[in-house]
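J.: A single structure is presented below for examination.
The values are calculated or read from the model by the stated rules, or taken from the named source; none is laboratory data. Everything numeric here is computed off the predicted structure, so don't read it as measured data. Please note: Cβ atoms are built from the backbone with ideal geometry, for glycine as well, and neighbour counts cover all protein chains shown.
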Amino acid sequence: MAAVLRGVLRPGAARRRLLLPSPLRPLPGARCCSAGAPFQYLAVQKTGARQSVGVIRLERPQALNALCEGLMKELGQALETLENDPQVGAIVITGSQKAFAAGADIKEMQNKNFQECYSSNFLAGWDKVSTVRKPIIAAVNGYALGGGCELAMMCDIIYAGEKAQFGQPEILLGTIPGAGGTQRLTRAVGKSLAMEMILTGDRISATEAKEAGLVSKVFPVEKLLDAAIACAEKIASNSKLVAAMAKESVNAAFETTLAEGTKTEKRLFYATFATDDRKEGMTAFVEKRKANFTDS
Ligand code: HXC
């Protein structure tokens, strides 16, 4: 396992990481998928019986996984690799038990000025997460604050550990969310709670997040990652092609009117009839057997 993991870790870091406690343990059946490219801030692995789940673990523990530019660049690269891997049908992004991510890196932002932010198109790369066509599950333990909460909300499903805390505390730093927080949080939990969180900086618990519709399920801390992987594996067992269409159609609900959205849905529904997998799925039902999807 060590040899396998070494391919995704910084030289010299493998031994240290393998000695870390359970939340960072190597995943059973996991293996390297980054073509040997070493990541400084991430561990990227494939897992599941068919190696169909890509797991990206944010690993910057000394800064509670604060999302520095290097980490976000690596996250983009890891997502690109998994997006292009035909074996992978779903992706899980997770952090540590203490922090999913405590936000954008405040120390990196501290001395930036407007001109730098504007000219460098600061945060532009963050959109990568929301453009991936494969389903992504955020498995959130601990803090998901500021950009960390925004990162989770860019994913398609959020599972939370029971001690997770969600918040947009940017107002306490004299700024506002900049990676979709004012938009996605409002769509997820409604205006009143979004306004309250964004204007006060107060956090909500996993239970509150579940009640508000921000997360779909809450798990004991130790069971969270396994549950997220199980969900991802279930998604990956369906047609990857049709799953991408389903994701595209759900996402249209956030971009357009009901009439336009249902038109988009209808077009994509019709499009499934051009796939082998639609034929196989319905034939398998009629023949009372399990469908064997080929992603075609
Ligand atoms: C840089 C951070 C950080 C961050 C924590 N650290 N959050 N560094 N950026 N966002 C660092 C601390 O400086 C410290 O390093 C180490 O991580 C441990 O943090 P502590 O504060 O000592 O831990 P604790 O007392 O347990 O408190 C945890 C915490 C607190 C409540 C999460 O760290 C915190 O409030 N962090 C900031 C959360 C936040 O405001 N996030 C929004 C960021 S703005 P040292 O070296 O001192 O030990 C944002 C903008 C989004 O996200 C815009 C678009 C992306």
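J.: Of all residues in region 184-209, count the ones that are within 24 Å of Q110 (Cα to Cα) and surrounded by fewer than 17 Cβ atoms within 10 Å (Cβ to Cβ).
T.: 4
J.: Right, here's the next one. Give me a count of the residues in region 186-218 that are farther than 17 Å from G148 by Cα, over 21 Å from the mean Cα position of the chain (by Cα) and not acidic (D, E).
T.: 7
J.: Pick from region 95-117 the residues that are surrounded by fewer than 24 Cβ atoms within 10 Å (Cβ to Cβ) and under 25 Å from P135 (Cβ atoms): which of them is farthest from the chain's Cα centre (by Cα)?
T.: Q97
J.: For region 140-150, enumerate the residues that are near the ligand (Cβ under 8 Å from one of its atoms) and of a type in the set (A, V, I, L, M).
T.: L145
J.: Suppose the filter is part of a helix (DSSP H, G or I) and under 18 Å from G142 (Cα atoms); does L214 pass it?
T.: The answer is no for L214.
J.: Could I ask something else about it? From the list E248, E280, E265, which residue is of a type in the set (D, E), under 14 Å from D156 (Cα atoms) and surrounded by 13 or more Cβ atoms within 10 Å (Cβ to Cβ)?
T.: E248
J.: Also, I was wondering about something else. Could you tell me whether any residue of region 231-238 is modelled with pLDDT of 95 or more and over 26 Å from L82 (Cα atoms)?
T.: For region 231-238, residues modelled with pLDDT of 95 or more and over 26 Å from L82 (Cα atoms): absent.
J.: Take K234 and tell me if it is basic (K, R) and closer than 21 Å to I136 by Cβ.
T.: It is true that K234 is basic (K, R) and closer than 21 Å to I136 by Cβ.
J.: Output the number of residues of region 117-128 satisfying the condition of being of a type outside the set (F, W, Y), free of Cβ contacts under 8 Å to residues at least 40 places away in the same chain and not in a loop (DSSP other than H, G, I, E, B).
T.: Final tally of qualifying residues: 4.
J.: Return the residues of region 182-193 that are over 14 Å from I158 (Cβ atoms) and either in contact with a helix residue (DSSP H, G or I) (Cβ under 7 Å, 6 or more places away or on another chain) or within 16 Å of the ligand (Cβ to nearest atom) (or both); say none if nothing qualifies.
T.: Those that are over 14 Å from I158 (Cβ atoms) and either in contact with a helix residue (DSSP H, G or I) (Cβ under 7 Å, 6 or more places away or on another chain) or within 16 Å of the ligand (Cβ to nearest atom) (or both): T182, Q183, T186, L193.
J.: I want to confirm something. Restricting to region 49-63 and keeping residues that are in contact (Cβ under 8 Å) with a residue 12 or more places away in the chain and over 17 Å from the mean Cα position of the chain (by Cα), which single residue is nearest to the ligand (Cβ to nearest atom)?
T.: A63
J.: So if I check each of E233, E211, E196, which one is in contact (Cβ under 8 Å) with a residue 12 or more places away in the chain, acidic (D, E), more than 16 Å from the ligand (Cβ to nearest atom) and out of contact with any Lys or Arg (no Cβ under 6 Å at 6 or more places or on another chain)?
T.: After ruling out the rest, the residue left standing is E233.
Quick grid of which residues meet (1) free of Cβ contacts under 8 Å to residues at least 40 places away in the same chain; (2) assigned to a helix (DSSP H, G or I); (3) more than 14 Å from the ligand (Cβ to nearest atom):
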{"residue": "D85", "(1), (2), (3)": "no, no, yes"}
{"residue": "V92", "(1), (2), (3)": "no, no, yes"}
{"residue": "Q97", "(1), (2), (3)": "no, no, no"}
{"residue": "F100", "(1), (2), (3)": "no, no, no"}
{"residue": "K112", "(1), (2), (3)": "yes, no, no"}
{"residue": "Q115", "(1), (2), (3)": "yes, yes, yes"}
{"residue": "S130", "(1), (2), (3)": "no, yes, no"}
{"residue": "A138", "(1), (2), (3)": "no, no, yes"}
{"residue": "M153", "(1), (2), (3)": "no, yes, no"}
